[in-house]
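All remarks here apply to the structure that follows.
We did not get these values from a lab; they are worked out from the coordinates using the rules stated. The structure displayed is predicted, hence computed values, not measured ones. Cβ coordinates were reconstructed from backbone atoms using ideal geometry, including for glycine residues, and neighbour counts include every protein chain displayed.
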Amino acid sequence: MKAIVIHEFGDASRLSSEERPLPEPQAGQVRVKVAAIGLNFADIYQRRGWYPSQPPFTPGTEFAGTVDKLGPGVTSLKVGDRVGTASGGAAYAEYALAPVDQTAKLLDHVSFEQAAALLEQGLTAHYLAVSTFPLQAGHTALVHAAAGGVGQLLVQIAKRRGARVLATVSTEAKAQVARECGADEVILYSQQDFEAEVKRLTGGQRVDVVYDSVGKDTFEKSLNCLRPRGMMVLYGQASGRVEPQDPQILNRKGALYLTRPTLGYYVMTRDEFLGRANDLFQWVADGSLKLRIDKTFPLAQAAAAQTYMEERRTLGKVLIVP
Ligand SMILES: NC(=O)c1ccc[n+]([C@@H]2O[C@H](COP(=O)([O-])OP(=O)(O)OC[C@H]3O[C@@H](n4cnc5c(N)ncnc54)[C@H](OP(=O)(O)O)[C@@H]3O)[C@@H](O)[C@H]2O)c1
């Protein structure tokens, strides 16, 4: 099969398209003939060596396709089932392995592209808004990078839970996307001081929660946007890693809470995974959650796909179709 392989950490030129043997499913796994691969910023962190992995490896975790072979003892799925996962391994390939506990069977109305676009970013937006800081009417949230993959879904889920959403984006085109997702206010943080804007837009009250996936460039000012006892949810680092902090900073800025969540700890059981995934598929089916697939690349152009994301050009989900 064709697969993308990384032999050394580095820039997108490190992604090479190669012939590899078919992976063999172990107990608890199925092999999937991949129809669509979802790109995520974590794939880029992994390629840069920011997340633990040992070259050579094939990147990616999210894909949808058809079950092609069962691992020993697997009975909950069968060959021919249409499935999707955000927790697979070596996803940038024509065939990949999916863990049965973290794999959803797709209903007929859900396309492979929709599943590969929804699972990682949708599950993330779901746990952030529903569990990490359970939003409700009366809350105000600040969502950074609101026109991104997670950002668009997070704004929509925050709105359906009744919160007021202040959104940051870098361009006017992205501002339009954030507004279409329901953001109440959009701040162009490339041109405006977002801390001053948040204080102005909240009459000095500031927000209950900041969802920050940008990291280095936004962390400190984001803390200043929080009301006393507000929660800083640092869930990504698209601009770079946040420097180590003295916990006293939380005291000084208003007895704040800080969490650094990650999806794996919010889909720890099959029931938790399926509960969140079923909500997402239901909302897409009834039209209340809009999925924007921005661009699709062939597998051989995986490097171009990652570059497109790194250059902040995305207005939604990026897919690779093998
Ligand atoms: N913790 C978790 O469980 C979890 C799970 C999934 C994703 N994430 C995180 O969520 C974030 C969004 O992921 P995504 O896959 O949906 O990507 P994305 O939001 O579609 O793309 C990242 C966005 O970050 C913004 N950004 C700000 N500074 C940047 C910089 N220096 N370089 C690149 N981008 C920059 C850009 O939006 P603007 O141009 O509008 O600034 C860019 O479009 C990432 O940080 C990712 O690691 C976390």
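Computed about its Cα centre, the charge dipole of the stretch 123-220 is approximately 340 debye, with only Lys, Arg, Asp and Glu carrying charge at their Cβ. Shown here is the pair-distance distribution of the stretch 147-271: with all Cα-Cα distances grouped in 10 Å bins from zero up to the longest one, the shares run 12, 43, 36, 9, 0 percent. For LYS69, the aspartates and glutamates whose Cα comes closer than 14 Å to its Cα, not counting residues fewer than 8 places off in the same chain, are GLU24, ASP81, GLU94.
Compute the FRET efficiency between ILE249 and VAL79 as 1/(1 + (r/R0)^6), taking r as their Cβ-Cβ distance and R0 = 45 Å, and round to the nearest 0.05. It comes to 0.25. Candidate cross-link partners of LYS199 among the lysines, defined by an alpha-carbon separation under 20 Å and a same-chain spacing of 8 or more, comprise LYS221, LYS253. Loop-located chymotrypsin sites (Phe, Trp or Tyr not before Pro) in the stretch 1-110 (DSSP state not H, G, I, E or B) with no more than 16 neighbouring Cβ atoms inside 10 Å: PHE9, TRP50.
Which links in LYS216/LYS290; LYS78/LYS174; LYS216/LYS317; LYS2/LYS216 stretch past 32 Å when you go from one Cα to the other? Distance filter (> 32 Å) returns LYS78/LYS174; LYS2/LYS216.
Legend: calculated FRET efficiency, ASP108 to GLU18, from the Cβ-Cβ distance at R0 = 25 Å, rounded to 0.05, equals 0.10.
Counting Cα-Cα pairs of the chain in 20 Å increments starting at 0 gives whole-percent bin shares of 33, 56, 10, 0. Extending 7 Å from Cα along the Cβ direction at ASN278 and again at LYS290 yields two label points whose distance is 2.8 nm. Projecting the Cα atoms of GLY122, LEU107, LEU223 onto the dipole axis of the chain, where Lys and Arg carry +1 and Asp and Glu carry -1 at the beta carbon, places LEU223 farthest toward the positive end. Give the shape of the stretch 1-129 as rounded, prolate or oblate, defined through the alpha-carbon gyration tensor: a ≥ b ≥ c are the square roots of its eigenvalues, a/c under 1.5 means rounded, and otherwise the shape is prolate if a/b is larger than b/c and oblate if not. Here the stretch 1-129 falls in the oblate category. When both the stretch 156-209 and the stretch 91-123 are represented by their alpha-carbon centers, they are found 30 Å apart.
Dipole magnitude for the chain: computed about the Cα centre from +1 point charges on Lys and Arg Cβ and -1 point charges on Asp and Glu Cβ, it is near 520 debye. Taking amide hydrogens as placed 1.01 Å from N in the peptide plane, the amide H of PHE297 sits under 5 Å from those of LEU319, ILE320, VAL321, each at least 5 positions away in sequence or on another chain. Remark: spin-label model distance HIS7-GLU311 equals 2.6 nm, labels positioned 7 Å along the Cα→Cβ axis. In the chain, taking the dipole from charged Cβ atoms about the Cα centre, the farthest positive-side position among GLY254, GLY151, LEU97 is held by GLY254.
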